Amino acid sequence: MEWDHPVPPPKDMSRTAANATLSRADAIKAMWDADDGRPLLVLRECKLCEGSDGALLSRSIKNDKTLLLTKWFRTVKLPAHVSHNSHPFYNVFAGYNFGKTMPHFFLLAHKDAKPVAFSGMQTQSQLWKAMFKVLDQRYAKSAKRAVKKWLLLLDRYDTINQRQTDYQEQLFAVRATDGPRSSKAKKISAKLADLNKELAAIQAAERKVRDLRLLPPPKKLKQTTER
């Protein structure tokens, strides 16, 4: 996972340490980069998962699909002590009406949206369903269709990488026995060149698949209760 670790805005000198906690609106605003309008995935660490992504990723199955879906989110990680009311980003979690227990992470389509919360014990299918629902709100193209194509492209990457490795090993051996200008060496070099062209085509296809066309957040926003 590629995480952003937000830094609170500079302190107002008129504010004391006792009231240094940001409001929910200011905290959410601070986590959104001015040039990055993607929906948010916000995770708070705990003592058990500190330094890992265990609350989000599965330990028993491949996480390729989940990892690809996160690329369409701005992924933010906050430390375990964000649950203390003195932490600047305390209201990122406490400012919502989550109930008695703070979730481990949540998804947010836009700054005034209702967060989709998870305890960290969810199944991958439950997480995917929620991620698709949030992505559909913010992107013009279907993430569900795009991620299927993206996974197929990754399989093609793996195949090409293996073939490149095989040809490079063959080329090394042929150059050692027949010389670098031999017909065998030229044939293998030609095959490597073809693979490079195929790889470039896959990279172009991947760029196209990843571009879902981010939509601006809705203008008419429903206000929610905030602490």
Calculate the tail of P(r) for the stretch 17-140: the fraction of all Cα-Cα distances greater than 19 Å, expressed in %. 47
At a Förster distance of 25 Å, what's the computed FRET efficiency of residue 207 paired with residue 164, Cβ-Cβ distance as r, to 0.05? 0.75
Acute angle (nearest 10 degrees) that the helix 124-138 long axis makes with the longest principal axis of the chain, alpha-carbon atoms: 80
Roughly how compact is the chain, stated as its Cα Rg over 2.2 N^0.38 Å to two decimals? 1.36
Is the C-alpha gyration tensor of the stretch 144-210 telling us rounded, prolate or oblate? Criteria: a/c under 1.5 is rounded; beyond that, a/b larger than b/c is prolate, otherwise oblate. prolate
The stretch 192-217 and the stretch 22-70: distance between their alpha carbon centers, rounded to Å: 25
Pairing the Cα long axis of helix 183-210 with the longest principal axis of the chain, what angle in degrees results, from 0 to 90 and rounded to the nearest 10? 20
Estimated dipole of the chain in Debye, rounded to 20 [Cβ of Lys and Arg +1, of Asp and Glu -1, Cα centre]: 800
How high is the relative contact order of the chain? Use alpha-carbon pairs under 8 Å, at least six apart in sequence, and give a whole percent. 23
Under 27 Å from the Cα of residue 62 - lysines, other chains or at least 8 residues apart: 47, 71, 77, 129, 133, 141, 144, 148, 149, 208
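Bear in mind these aren't lab numbers, they're just calculated from the coordinates by the rules spelled out. These figures come from a predicted structure and were not determined experimentally. Heads up, the Cβs are rebuilt from the backbone with ideal geometry, glycines too, and the neighbour counts pull from every protein chain shown.
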